[in-house]
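Undergrad: I am attaching a structure below and will ask some questions about it afterwards.
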Amino acid sequence: MINEIHLGPLTIHVYGLLVAVGFLSALLISERRAKKRGMDTEILYGIFWCAIFGGAVGSKLLYYTVSIPDILKNPSILWNFQNGWVVYGGILGGVFASLAYCKYKRVDFFQYLDLVLPAVAFAQGCGRIGCFFAGCCYGRETDSVLSIQYWQSSYAPNGIKLVPTQIYSSIGDFALAYLLMAYAKREPNKGKVAACYCVFYSIGRFVIEMFRNDYRGALGALSTSQMISALILILGIGMFVAADKRCFEN
């Protein structure tokens, strides 16, 4: 795959471009859905910027946490901001920053969480396509016809058939975004859309992790992301039960 597009003196990184497309798409999708529901778009914009900065901090912190042995060997990793971003850290950091913002503005956090998470899933799908072009988050070796090979990647092993985990993740994220938006149209109890995101995303991520072969940290037999997925799954089930009892209603 080609991750760099050269236009004269300008170099465009496809990964970064698709991440930006994902963020912008998430904002536009959320804005459109917010207007239909009569929700305050100014609050949405505030949540968007808090999610970006909180997500960046959370993503880096989780990367540092799982990379402590490498950092001790090479401290320069700490100020390398080109690489080393963990999706789960970004999600958690973005959610906590958005929660703090909603508390500050005294608005209903779960109402906006239900609004934005389908768009977040869509943005993740765009980001995973970026991973595909960059070669990060790559899969295990395979003899399957459904495989990919890299020849110029700085991350994935080159010249070896690999499971296209990034594409599978992207398809799953786009499907999740569509299903959540379809479910939201049924006007379920507040918190149920967010709960469904937690449940289905965590299950999908847990499964995909079985086929990945890049280093992501480990806790026993499970990767760090699988451990977090298990916790998010439990949280999602708990949220769904609580939403069923209208615990998130004002």
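The values are calculated or read from the model by the stated rules, or taken from the named source; none is laboratory data. All values reported here derive from a predicted model rather than from experimental measurement. In this analysis, Cβ positions are derived from the backbone assuming ideal geometry, glycine residues included, and neighbour counts consider all displayed protein chains. Heads up: the accessible areas ignore ligands, DNA and RNA and are worked out on the full protein's heavy atoms, side chains in. Shrake-Rupley method; radii C 1.70, N 1.55, O 1.52, S 1.80 Å.
Undergrad: Give the carbon-plus-sulfur fraction of the accessible surface of the chain in %, rounded to a whole number; probe 1.4 Å, heavy atoms of protein chains only.
TA: Reported share for carbon and sulfur atoms: 66 percent.
Undergrad: Just to confirm a number: summing +1 for Lys and Arg and -1 for Asp and Glu over residues other than LYS190 whose beta-carbon lies under 14 angstrom from that of LYS190, what do you get?
TA: Around LYS190, the surrounding residues sum to 0.
Undergrad: Give me the Å³ per residue figure for the convex hull around the C-alpha atoms of segment 1-73.
TA: About 163 Å³ per residue, rounded to a whole number.
Undergrad: How big is D for segment 181-245, in µm² s⁻¹ as a whole number, if Stokes-Einstein is applied with the Kirkwood radius of its Cα pairs at 37 °C and 0.692 mPa s?
TA: Answer from the Stokes-Einstein relation: 258 µm²/s.
Undergrad: If you don't mind, there's one more thing I want to ask. Compute the normalised compactness of the chain: alpha-carbon radius of gyration over 2.2 N^0.38 Å, N being the residue count.
TA: That ratio works out to 1.04.
Undergrad: Under 14 Å from the Cβ of PHE122, count the other residues' Cβ atoms, weight Lys and Arg +1, Asp and Glu -1, and hand me the total.
TA: Cβ neighbours under 14 Å give a net charge of +1.
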